[in-house]
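The values are calculated or read from the model by the stated rules, or taken from the named source; none is laboratory data. Just so it is clear, the model here is predicted, and its values are computed rather than measured. FYI the Cβ positions are ideal-geometry reconstructions off the backbone, even for glycines, and counts take in every protein chain you see. We work out accessible area using only protein heavy atoms, side chains counted, and drop any ligands, DNA or RNA first. Shrake-Rupley method; radii C 1.70, N 1.55, O 1.52, S 1.80 Å.
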Amino acid sequence: MAEVTEDAFREEVVAFLDANATPRGEEKFVWGEGSDQVALFDEKSRDAELRQLEEAKAWRAKRWDAGLAWIFGPPELGGRGLPASYDRLYSTLESRYEIPTQSFFGIGLGMVAPTILAHATDEVKQKYLPAMYRGDLVGCQLFSEPGAGSDLASLQTRALRDGDEWLISGQKVWTSGAQYSDIGEVICRTDPDQPKHKGLTGFVVDMHAPGVEVRPLRQMTGGASFNEVFFSDVRVPDDHRLGDVNQGWTVALTTLMNERAAIGAGGAGGSGMVSTTRLTELLNHYGSASDPVLRQELMDLHVHLTVARLTNQRALDKIKAGQAPGPELTTAKLALTQNMTRAAEFVAHVLGPRLAADTGEWGTYSWNQFVLGTPGMRIAGGSDEVLRNIISERVLGLPKDPGIDSKTAFRDLKVGTQGS
Ligand SMILES: Cc1cc2nc3c(=O)[nH]c(=O)nc-3n(C[C@H](O)[C@H](O)[C@H](O)COP(=O)(O)OP(=O)(O)OC[C@H]3O[C@@H](n4cnc5c(N)ncnc54)[C@H](O)[C@@H]3O)c2cc1C
């Protein structure tokens, strides 16, 4: 394939965007004007969700037809074969245009697809990856269970070999987007006689297969973005296995590393989600701009957002220069959620009771969607505490968390009713 310079690529992308989307006007925040929505989780009806999903898919299909849907993907799978920096350039350019929300693809393309690329058979890669990047198939992540979250290796969903197939039975929980997903990456226990990290295997499962049941869970913000998923003897062909039998922990780590990097880097340490202009206007509107404590809180947030943004930028620049990213990306997700929590606390201090009672006043009660959404962000993709453990062990070199038993057979561990 002929080499495409960054300048030529930029021109190509701008021509595509100009032809297919409307440029965003200059966004200037004016108190009382426009939407006052600041929700972190989608709070839409099922009908609206399906409508937006169709629009999102149509946009990805357009990108695919223009050769811009999988910019860094291998050409033999329909990708463009360009460096990842070209993909980031595309995202920067696209963010200047009005396009349908692409949040439906975050988990499938950010986490499941890279895992399929790294661990699946060639047939499965061919079958799913082009369709995922074209937007025809949406993927979800089926890891957590009622007894396995931070301690994911305690999961109990079983996969039993049956000739050329596997039979999956068990329950997953908190599965974001399962309600509109076509495929899922599921991690199952395949050998309870091995220590807990060693008897796991990953699979790609068809979410429309007989025996898969998706039940919505309502979160405290009102919407239902995630689900319980029940598997009752769901048949999965052996060629849909990810990696070797009992090597599922490595597969799960591929997904988790992509998850943390995607959440952390995507949020730019919070500066992409929290607008200090908006918060300053909030302070001005309520005549609190001279309150020394609130001023201090706002400046503290501003400093932390700036540090996080620059740290992320440093990590991205290192990758661009061909160096391995250092601890910057490990801290990115933690910085993001800490900054969101700072912002939520600041807003609560400024708004007080206006946050809890809806008076219809613009830009007040709507903030409760943000404030109630931040705890979820602190848990998803590795809780703050677990990320601190990782930083202390892998970055600072402190001793390992003593709670992990990596020697005893899973069947003999005292967690729930495993091994049956
Ligand atoms: C918005 C959202 C979306 C999600 N989407 C998905 C999804 O799509 N797919 C999926 O599989 N899962 C998903 N999850 C689940 C998520 O991965 C788990 O909630 C998370 O791993 C934590 O597990 P848990 O809820 O069981 O809490 P627990 O692991 O039981 O943790 C409870 C508390 O104990 C603390 N804790 C646990 N272990 C330690 C330790 N070793 N040291 C110190 N403190 C510790 C935690 O920090 C937490 O405060 C989602 C969760 C959220 C909130």
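In units of 2.2 N^0.38 Å, what is the alpha-carbon radius of gyration of the chain?
1.03
In what sequence, highest mean first, do 392-403, 314-325 appear when ranked by Cβ atoms within 10 angstrom? Can you show the working numbers first?
Details: 392-403: 10.1, 314-325: 13.2.
With the highest mean Cβ count within 10 Å placed first, the list reads 314-325, 392-403.
Given the pairs K125/K196; K172/K414; K172/K196; K62/K333; K125/K172, which span a C-alpha to C-alpha distance of over 26 angstrom in this model?
Beyond 26 Å between Cα atoms: K125/K196; K62/K333.
Could you work out the per residue convex hull volume over the alpha carbons of segment 4-79, in cubic angstrom?
Given the Cα convex hull of segment 4-79, per-residue volume reads 164 Å³.
In vacuum, with every alpha carbon of segment 131-185 counted as one equal point scatterer, what does the Debye formula give for log10 I(q)/I(0) at q = 0.13, 0.24 Å⁻¹? Two decimals, please.
Calculated log10 I(q)/I(0) at the listed q: -0.41, -0.97.
Determine the relative contact order of segment 43-105: mean sequence separation of Cα pairs under 8 Å and six or more apart, normalised by residue count, in whole percent. Present the calculation step by step, with values, prior to reporting the outcome.
Values: 44 pairs, mean separation 17.9, N = 63.
This gives 28 percent for segment 43-105.
Using the Cα centre as the reference, give the magnitude of the dipole from point charges on the C-beta atoms of the chain (Lys, Arg: +1; Asp, Glu: -1; all else neutral), rounded to the nearest 20 debye.
Using Cβ point charges on Lys, Arg, Asp and Glu, the chain gives about 780 debye.
Rule-of-thumb check for segment 331-420: C-alpha Rg over 2.2 N^0.38 Å?
Here the answer is 1.62, to two decimals.
Sorted by average packing, counted as other Cβ atoms within 10 angstrom per residue and highest first, what order do 293-303, 238-248 take?
My ranking of the peptides, most packed first, is 238-248, 293-303.
Once the other residues with Cβ under 13 Å from the Cβ of D401 are scored (Lys, Arg +1; Asp, Glu -1), what is the net sum? Walk me through the numbers on the way to the answer.
On the way: positive: R388, R394, K400; negative: D151, E385, E393, D405.
Result for the local shell: -1.
Counting each DSSP H run of 4 or more residues in the chain as -39500 (n - 2.57), what helix-only mean residue ellipticity at 222 nm follows after dividing by all residues, to the nearest 500 deg cm²/dmol?
Taken over the chain, the calculation gives -13000 deg cm²/dmol.
Answer with one residue from I187, L160, P216: the one whose Cα lies farthest towards the positive end of the charge dipole of segment 148-274, charges on Cβ with Lys, Arg +1 and Asp, Glu -1.
Working it through, the farthest residue towards the positive pole turns out to be P216.
On the accessible surface of segment 353-420, probed at 1.4 Å, how many percent belong to carbon and sulfur atoms? Each step should come with its number before you reach the end.
Values: 2430 of 4170 Å².
Carbon and sulfur atoms account for 58 percent of the accessible area of segment 353-420.
When only Cα pairs under 8 Å and 6 or more residues apart are kept, what is the percent relative contact order across the chain?
16 percent
Which value, in Å to one decimal place, does the Kirkwood hydrodynamic radius take for segment 285-396 when every pair of different Cα atoms is included?
Kirkwood hydrodynamic radius for segment 285-396: 16.0 Å.
For the chain, report the accessible area per residue in Å² (1.4 Å probe, heavy atoms, rounded to an integer). Provide the component values of the computation, followed by the final result.
Working: 20420 Å² over 420 residues.
Using a 1.4 Å probe on heavy atoms only, each residue of the chain averages 49 Å².
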